[in-house]
Amino acid sequence: MSPLLLHEFHAGLGARFVDVNGCEMVSDYGDSPLEHAALLCSVGVLDLSCRSRVCLTGGDRVKFLHGQVTNDVQKLRAGEGCYAALITAKGRMQSDLFIYSLANEILLDFEPGLARPVMERLEKYIIADDVQLVDVEPHYALLSAQGPKAKAAVEQLDLGVSLPEMPLQFVSSQVPDIGEIYVVNQPRIGSTGFDLFIPNPSLAAVADRLIAAARQLGGQACGWTALEMARIEAGIPRFGQDMDETNLPPEAGIESRAVSYTKGCYIGQEVIARIRTYGQVAKALRGLILADNLPSLPSKGDRLFHGEKEAGIVTSAAASPTLKKNVALGYVRREVNKPGTELALKTKDGVSVARIVPLPFGPGL
């Protein structure tokens, strides 16, 4: 497991750790429900330095990446970003990506442990292009403030810039004794949020100040467990958990955010265009309300049935503190995936009922 740069810092705050795709992440600081409440009601600070970070440089970087991903990279101006998928020629996902256009480079931010396979995938198609790929994890770390008071917490850092107002817009600031910090409007759980890309030598100082700011606003440091609870409640799929190399982007419901149907050719474009032209996918990600009295939550891959016929699988599950219900995300076949449909969930504990509901999960379900 690749350790966090600030392992000792987090350990001093009472952190427990978890392996996320071969990378260390704080699991919690002793009270995941309290951390979840901070994310939803005030502000939670997360060390997301486990996430992969790769930069593209060179004069052909925009044209090259535009031909590799599902969204429109050429329309991005400096200081703007987009969400996209990296797919195979058959339309299957290899990663999802947040793409940020800097003045002289493009920054990719994506799931932990995928820097090498994503770089190998991109390098495969660099023929005569002026494009270089650089793993920037050794140089820049990532902190995130999420929740309704996230903006107020980041503003207390006095970075000398106005924070970006629109999602995936970003600004940079040269901060004395810290270095150049990039601040991104990044609502990771569907509310308000900001990511901060910080030079590694300054990470501890900024983390300490940001957590102190969060505490003044009623928030705190938060870990992966609380973040996953909030993500699942928001109905946001995560690559490696709810999306993988077997999935097409439209199956995961990310096409409205990740796919441009007007940008022209890219690897896998014909498959995605054909799906849009000729009909729906055979399965789609859905929200599921589970039974209240489950001995344990279902695991990824537990099967769903409609009558005697297999209808799908569960990908993520959580005991939702917000809804006070057990909820899950999962893929369900098209013919039986309408809201209100009841399915049978089969786990190691036996059979229980799972009811399909619209995403994101909301009150009254």
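Just the protein heavy atoms count here, and of the accessible area of the stretch 58-134 at 1.4 Å, carbon and sulfur take up 48 percent. Heavy atoms of the protein chains alone define the surface here; on that basis the chain has 43 Å² accessible area per residue at 1.4 Å probe size. Would you please state which residues of the stretch 288-315 a label at T246 would reach in this model, taking the label point 7 Å out along Cα→Cβ and a backbone N cut-off of under 19 Å? The answer is 288, 298-306, 309-315, whose backbone nitrogens lie closer than 19 Å to the label point. Cysteines in the chain lacking any other cysteine Cβ under 4.7 Å from their own Cβ: C41, C55, C82, C222, C265.
Below 8 Å, C-alpha to C-alpha, sequence gap of six or more: please give me the relative contact order for the stretch 1-84 in percent. Please list the in-between numbers first.
Details: 66 pairs, mean separation 15.4, N = 84.
The value is 18 percent.
Of interest is the spacing of the C-alpha centroids, which for the stretch 203-232 and the stretch 51-120 amounts to 27 Å. Relative intensity of the chain on a log10 scale, I(q)/I(0) at q = 0.13 Å⁻¹, equals -1.08, per a Debye sum over C-alpha point scatterers of equal strength in the absence of solvent.
Rounded to the nearest 20 debye, the dipole size of the stretch 244-365 about its Cα centre is 220 debye, using +1 on the Cβ of Lys and Arg and -1 on the Cβ of Asp and Glu.
Suppose each label sits 7 Å from its Cα in the direction of the beta carbon; what would the V161-A103 distance come out to in nanometres? About 1.1 nm separates the two model spin labels. Applied to the stretch 332-338, the Karplus parametrisation 6.51 cos²θ - 1.76 cosθ + 1.60 on θ = phi - 60° returns per-residue 3J(HN,Hα) values of 10, 4, 3, 6, 9, 10, 7 Hz, with x for Gly and Pro.
Of the accessible area of the stretch 188-240, computed with a 1.4 Å probe over protein heavy atoms only, carbon and sulfur atoms account for 53 percent. Computed extension gain for K124 through Q216, at 0.36 nm per residue and net of the alpha carbon distance, reaches 28.3 nm. First check a/c for the stretch 29-133, with a ≥ b ≥ c the square roots of the eigenvalues of its C-alpha gyration tensor; if it is under 1.5, answer rounded, and if not, answer prolate when a/b is larger than b/c or oblate otherwise. Prolate. Taken over the stretch 246-355, the alpha-carbon convex hull comes to 118 cubic angstrom per residue. Taking θ as phi - 60° and the Karplus parameters 6.51, -1.76 and 1.60, the scalar couplings of the stretch 6-13 work out to 9, 3, 5, 4, 5, 4, x, 8 Hz in sequence order, x denoting glycine and proline.
So how far apart, in nm, are the two label points at S2 and E80 if each is 7 Å from Cα heading toward Cβ? If labels sit at S2 and E80, their model points lie 3.1 nm apart.
Return the ratio Rg/(2.2 N^0.38 Å) for the stretch 93-252, where Rg is computed over Cα atoms only.
The stretch 93-252 yields a ratio of 1.11.
Bridging of K348 to lysines at a Cα separation below 30 Å is possible for K283, K300, K309, K324, K325, K338, once same-chain residues fewer than 8 apart are set aside.
Annotated for the stretch 1-149: lysine pairs at least 8 residues apart or interchain, Cα distance under 29 Å, count 6.
Based on DSSP loop calls and a cut-off of at most 14 other Cβ atoms within 10 Å, the longest stretch of the chain free of exposed chymotrypsin sites (Phe, Trp or Tyr not before Pro) is what? After excluding every exposed loop site, the longest remaining stretch is 126-260. Note on the stretch 237-286 and the stretch 310-352: Cα centroid distance 22 Å, given to the nearest whole angstrom.
The values are calculated or read from the model by the stated rules, or taken from the named source; none is laboratory data. Keep in mind that what you see is a predicted model, and the values were worked out from it rather than measured. Heads up, the Cβs are rebuilt from the backbone with ideal geometry, glycines too, and the neighbour counts pull from every protein chain shown. All accessible areas refer to the heavy atoms of the entire protein, side chains included, with ligands and DNA or RNA removed. Shrake-Rupley method; radii C 1.70, N 1.55, O 1.52, S 1.80 Å.
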